[in-house]
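Colleague: Below you'll find the structure I mean.
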Amino acid sequence: MPEAAVIAFAEAPNLRRTDGTTNGVEMLVPIFREVFEQTGLTKSDIGFWCSGSSDYLAGRAFSFVSAVDAIGAFPPVMESHVEMDGAFALYEAWVKVLTGEAEIALAYGFGKSSAGDLRRVLALQLDPYVVAPLWPDSVSIAALQARLGLDENLWTKRAMAEVAVRSRAAAVSNARAQPASDELEVEELLSEPYVADPLHAHDCAPITDGAAVVVIAAADRARELCERPAWITGFEHRIDSGSLGARDLTRAPSATAAGVAAGAAAAGATVDVAELHAPFTHQELILRAALGLPDSVRISPSGGALAGNPMFAAGLARIGHAARQVMSGSASRALGHATSGPALQQNLVCVVEAH
Amino acid sequence: MASADKQRAAVLGTGQTHHRSKRPDVSIAGLCREAVDRALADAGLELADIDAVVVGKAPDLFEGVMMPELYLADALGAVGKPLLRVHTAGSVGGATGVVATSLVQAGRHRRVLAVAFEKQSESNAMWALSIMPPFSMPLLAGAGGYFAPHVRAYIRRSGAPTHVGALVAVKDRRNGALNPYAHLRQPDITLESVQASPMLWDPVRYDETCPSSDGACAVVIGDQAAAEASSRPVAWIRATSMRTEPTMFAGKDHVNPRAGADAGKALWAAAGIASPIDEIDVAEIYVPFSWFEPMWLENLGFAEEGKGWQLTEAGETAIGGRIPVNPSGGVLCSNPIGASGLLRFAESAMQVMGTAGEHQVAGAKTALGHAYGGGSQYFSMWVVADTPD
């Protein structure tokens, strides 16, 4: 029997630019209220809080310190923070529940990606001595990755465009997604100019301000608080080398290892739905192969990262959307995935089930 | 789900760098690896024995590298393994130890490597702290200017004699001279010389202030089987605790913050400790400015409110006293910010493992490791002992 389950999820509207501060409070307060309304919980019921965010994105030291104001953390709370996507904060929260130190835990992630020049900011994630000084931006690195796969006939530009068309169409049903359209056509997209050859605009996730929150509970409380909890049956993450030249960029071994460990592709136990955190179209193709997902699996019905990629929240939102599929009865087994670092360096897989 | 499910965890080994104001001889990776290699050697293990890595450091702006753990994955032996990056302000080193402990206690891993570092010479921490974010009170001249008014409030509230801060500095700097890794080692420092040092932020003088250091610390934490398989002494982790409160709010007590007091009470309860001053043999407490020793002694319940300075003044916090505080020299001698908390945790473990060398407190069986951060709002701590129960 799994020891914990997702019982609530909310995400802020995925927007190109918000007026709020970089500490996320304006985006977080409304979605905290949403998960409390979904569960009937109040802040005093939360035994452990954990957040994911980035100081560099906020352009200041200690941005998460002010985010605590969204909690109303007095009396003081048991709380922690990762300088990672909120999905990893959820992992830390899940571990805390497993230790028995908390029965109910809340994880959140937030990012105001519009505050700086995102693709240049992300260049600072690279080796600070020999790579970052060259300022290879995140879109250009993804373009190199896409080019490698095209040259090796691992995927085609058409297959990439089809990912974009499907994602944008799926986003129509997600009121909080960013660019949505069910009228895009592959031929049309392929005739658009390049952003970074071979990537067109449709291949790249939009720049997004946003936030997400997921609440988990230990078994007994989950049954009390949620009609159909999304039981966490596998939760794993792995990292690949930080050296781009040392990796085969057309593959994601850390995603494969995390998926296998989480039981995502166990024989006879495939998932109905996979919410993949793929900020570029070709990265979805890499991830589907890495995770061994057959064509029958519904991919990112929320629209995925291509319809909203709030840095440090989009991975957590993927887990939230996967859990929502189970909680709503639309799926009995779902996978939420998060990535971090350049070119899918770090990957996390969370498998949730109805029973 | 009962907490009886919680697995036992123990420190199998500790390592740290020689802390200096500048370590131009090593990269960030080299600095971390120096601590990691020492911790593995201390534990009698190799990188291949490690199942997961937890990295902690203070703001990325301190080095000018965004999420440096991504680049460090290779140097830390984390490739193909789980890697988490913790950041809870100045308390982060402590939080790194707590997260690594939780991973073992939850039964996720057999051996976890916790690494924390700061390489302040790569950037400028004062600059990184002196930005002007909207709707927040600016720190202006860094941490000292922020905390000095709290120290003045403590002196006013407690009636402590004004030389108590200097006494802490003398004790810690002399202790640091016993620690081969300490950044500042000043065996000849005196009360008079501290009191003659320049006033930086009244009442905090130059010699009562932590240095800016490059440095790293690593700790290997294992489960019961790993601890029992070790041929070396281990430090059993009896309890951990973390609490957070906002930076500013009406009624905030900056001198004796509730988050620290609550974390302390939770820690003592979880560790089965009724009277900390009687049951803790040695404490490594995060004291970046001298006066925080008596302030935290009170916050943690070692002394009644307003009485902590009496322990310091009576020499009870020196090695050989009733409650030795920071025999390693503490943050006043070495302050690689992100690592400072994990250093407190590691030094407390070293005391109960009997590996603290010249600054060993004789017969130490139970020890406290403590860290705080932000505007006295993030607290993380643990109790370690030479036996599991």
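Colleague: Given the conditions (1) surrounded by fewer than 24 Cβ atoms within 10 Å (Cβ to Cβ); (2) closer than 21 Å to A:LEU57 by Cβ; (3) facing chain A (nearest Cβ under 10 Å), report the number of the one that B:ASN124 does not fulfil.
Modeller: In the conditions (1) surrounded by fewer than 24 Cβ atoms within 10 Å (Cβ to Cβ); (2) closer than 21 Å to A:LEU57 by Cβ; (3) facing chain A (nearest Cβ under 10 Å), B:ASN124 misses (3) alone.
Colleague: Continuing with this model, one more query. For B:ALA182, all conditions in the list (1) in contact with a helix residue (DSSP H, G or I) (Cβ under 8 Å, 6 or more places away or on another chain); (2) surrounded by fewer than 24 Cβ atoms within 10 Å (Cβ to Cβ) hold save one; what is the number of the exception?
Modeller: (2)
Colleague: Please verify whether region A:234-242 includes one or more residues that are in the same structural domain as A:LEU291 (by TED's automatic domain parsing) and of a type in the set (A, V, I, L, M, F, W, C).
Modeller: yes
Colleague: If I ask for residues that are open to solvent by 20 Å² or more (accessible area, probe 1.4 Å) and in a helix (DSSP H, G or I), which ones from region A:119-138 would you list?
Modeller: Matches in region A:119-138: A:ARG119, A:ARG120, A:VAL121, A:LEU122, A:LEU124, A:PRO133, A:LEU134, A:SER138.
Colleague: Take the residues in region A:30-46 that are open to solvent by less than 30 Å² (accessible area, probe 1.4 Å) and more than 21 Å from the chain's Cα centre (by Cα), then tell me which one is nearest to A:ALA87 (Cα to Cα).
Modeller: A:ILE46
Here is a yes/no grid of residues against (1) closer than 15 Å to B:GLY215 by Cα; (2) basic (Lys, Arg); (3) touching a Gly at 6+ places or on another chain (Cβ under 8 Å):
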| residue | (1), (2), (3) |
| --- | --- |
| B:ASP25 | yes, no, no |
| B:ALA39 | yes, no, yes |
| B:ILE50 | no, no, yes |
| B:ALA58 | yes, no, yes |
| B:ALA95 | no, no, yes |
| B:VAL98 | no, no, no |
| B:SER102 | no, no, no |
| B:ARG111 | no, yes, yes |
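Colleague: So is A:LEU335 away from chain B (no Cβ under 14 Å) and either touching a strand residue (DSSP E or B) at 6+ places or on another chain (Cβ under 6 Å) or more than 23 Å from A:THR22 (Cβ to Cβ) (or both) or not?
Modeller: Answer is yes for this residue.
Colleague: Mind listing whichever residues of region B:270-295 are more than 17 Å from B:LYS365 (Cα to Cα) and acidic (Asp, Glu)?
Modeller: Within region B:270-295, just B:GLU293 meets the criteria.
Colleague: Since A:ASP295 meets every condition but one in (1) closer than 19 Å to A:THR250 by Cα; (2) free of Cβ contacts under 8 Å to residues at least 60 places away in the same chain; (3) not hydroxyl-bearing (Ser, Thr, Tyr), which condition does it not meet?
Modeller: Among (1) closer than 19 Å to A:THR250 by Cα; (2) free of Cβ contacts under 8 Å to residues at least 60 places away in the same chain; (3) not hydroxyl-bearing (Ser, Thr, Tyr), A:ASP295 violates only (1).
Colleague: Of A:ILE141, A:ILE104, which residue is of a type outside the set (Ser, Thr, Tyr), over 21 Å from the mean Cα position of the chain (by Cα) and within 13 Å of chain B (Cβ to nearest Cβ)?
Modeller: Being of a type outside the set (Ser, Thr, Tyr), over 21 Å from the mean Cα position of the chain (by Cα) and within 13 Å of chain B (Cβ to nearest Cβ) holds for just one of A:ILE141, A:ILE104, which is A:ILE104.
Colleague: Can you spot a residue in region A:316-332 that is under 19 Å from A:ALA164 (Cα atoms), without any contact (Cβ under 8 Å) to a residue 60 or more places away in the chain and surrounded by fewer than 21 Cβ atoms within 10 Å (Cβ to Cβ)?
Modeller: Scanning region A:316-332, I find no residue that is under 19 Å from A:ALA164 (Cα atoms), without any contact (Cβ under 8 Å) to a residue 60 or more places away in the chain and surrounded by fewer than 21 Cβ atoms within 10 Å (Cβ to Cβ), so the answer is no.
Colleague: I'd like the residue in region B:271-285 that is part of a loop (DSSP other than H, G, I, E, B) and open to solvent by 10 Å² or more (accessible area, probe 1.4 Å) and, out of all such residues, is nearest to B:GLY329 (Cα to Cα).
Modeller: Looking at the filtered set, the residue picked out is B:ASP281.
Rundown of residues vs (1) open to solvent by less than 10 Å² (accessible area, probe 1.4 Å); (2) in the same structural domain as B:ILE155 (by TED's automatic domain parsing); (3) in a helix (DSSP H, G or I), yes/no style:
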| position | (1), (2), (3) |
| --- | --- |
| B:PRO294 | yes, yes, yes |
| B:GLY306 | no, yes, no |
| B:LEU332 | yes, yes, yes |
| B:PHE345 | yes, yes, yes |
| B:LEU368 | yes, yes, no |
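Colleague: Something else now. Could you tell me whether region A:103-112 includes any residue that is outside any loop (DSSP other than H, G, I, E, B) and over 17 Å from A:ALA314 (Cα atoms)?
Modeller: Yes, there is a match, as at least one residue in region A:103-112 is outside any loop (DSSP other than H, G, I, E, B) and over 17 Å from A:ALA314 (Cα atoms).
Colleague: May I pose another question? If you go through region A:59-74 one residue at a time, how many are open to solvent by 10 Å² or more (accessible area, probe 1.4 Å), more than 7 Å from every other protein chain (Cβ to nearest Cβ) and of a type outside the set (A, V, I, L, M, F, W, C)?
Modeller: The number of residues fulfilling the criteria is 2.
Colleague: Continuing with this model, one more query. State whether the residues of region B:349-365 include one that is part of a loop (DSSP other than H, G, I, E, B), touching a helix residue (DSSP H, G or I) at 6+ places or on another chain (Cβ under 8 Å) and more than 27 Å from B:ASP214 (Cα to Cα).
Modeller: Yes: one or more hits.
Colleague: Another question, if that's okay. So which residues in region B:336-373 are out of contact with any strand residue (DSSP E or B) (no Cβ under 7 Å at 6 or more places or on another chain) and of a type in the set (A, V, I, L, M)?
Modeller: B:ALA356, B:ALA362
Colleague: Okay, next question. Any residue in region B:94-119 that's more than 9 Å from chain A (Cβ to nearest Cβ): show its pairings with residues that are open to solvent by less than 10 Å² (accessible area, probe 1.4 Å) and of a type in the set (S, T, N, Q) at Cβ separation under 6 Å, as long as the two are six or more apart or on different chains.
Modeller: Between residues of region B:94-119 that are more than 9 Å from chain A (Cβ to nearest Cβ) and residues that are open to solvent by less than 10 Å² (accessible area, probe 1.4 Å) and of a type in the set (S, T, N, Q), the close pairs are B:GLY94/B:SER380; B:ALA114/B:THR96; B:ALA116/B:THR96.
Colleague: Quick one: which of A:ALA180, A:ALA143, A:ALA211, A:ALA170 is surrounded by 16 or more Cβ atoms within 10 Å (Cβ to Cβ) and part of a strand (DSSP E or B)?
Modeller: A:ALA211
Colleague: Let me ask you something else. Would you mind telling me which numbered condition in (1) more than 13 Å from chain B (Cβ to nearest Cβ); (2) of a type outside the set (S, T, N, Q); (3) surrounded by fewer than 20 Cβ atoms within 10 Å (Cβ to Cβ); (4) farther than 20 Å from A:ALA87 by Cα A:GLY263 fails?
Modeller: (4)
Colleague: Looking at region B:212-230, which of its residues are modelled with pLDDT of 95 or more, assigned to a loop (DSSP other than H, G, I, E, B) and open to solvent by 20 Å² or more (accessible area, probe 1.4 Å)?
Modeller: Passing the criteria: only B:SER230.
Colleague: Checking B:ARG156 against (1) within 25 Å of B:ASP262 (Cβ to Cβ); (2) at pLDDT below 95, which single condition isn't satisfied?
Modeller: Result: B:ARG156 passes all but (2).
Colleague: Continuing with the same structure: I want to confirm something. Restricting to region A:47-58 and keeping residues that are in contact with a strand residue (DSSP E or B) (Cβ under 6 Å, 6 or more places away or on another chain) and either open to solvent by 10 Å² or more (accessible area, probe 1.4 Å) or of a type in the set (Phe, Trp, Tyr) (or both), which single residue is farthest from A:THR22 (Cα to Cα)?
Modeller: A:GLY47
Colleague: For B:LEU167, indicate whether it is open to solvent by 20 Å² or more (accessible area, probe 1.4 Å), modelled with pLDDT of 95 or more and more than 30 Å from B:GLY354 (Cβ to Cβ).
Modeller: No.
Colleague: Of all residues in region B:345-382, which are closer than 11 Å to B:VAL282 by Cα and among the charged types (D, E, K, R)?
Modeller: Selection gives B:GLU347, B:LYS365.
Colleague: While we're here: Take region B:133-143 and flag every residue that is surrounded by fewer than 19 Cβ atoms within 10 Å (Cβ to Cβ) and modelled with pLDDT of 70 or more.
Modeller: The one that is surrounded by fewer than 19 Cβ atoms within 10 Å (Cβ to Cβ) and modelled with pLDDT of 70 or more: B:GLY142.
Colleague: Any idea which of (1) open to solvent by less than 30 Å² (accessible area, probe 1.4 Å); (2) within 11 Å of another protein chain (Cβ to nearest Cβ); (3) touching a residue at least 12 places away in the same chain (Cβ under 8 Å) is the one A:THR99 doesn't satisfy?
Modeller: (3)
The values are calculated or read from the model by the stated rules, or taken from the named source; none is laboratory data. Fair warning: this is a prediction, and the values are worked out from it, not measured in the lab. Positions of Cβ are backbone-derived with ideal geometry, glycine not excepted, and every protein chain shown enters the neighbour counts. For accessibility, only protein heavy atoms count, side chains too; no ligands or nucleic acids. Shrake-Rupley method; radii C 1.70, N 1.55, O 1.52, S 1.80 Å.
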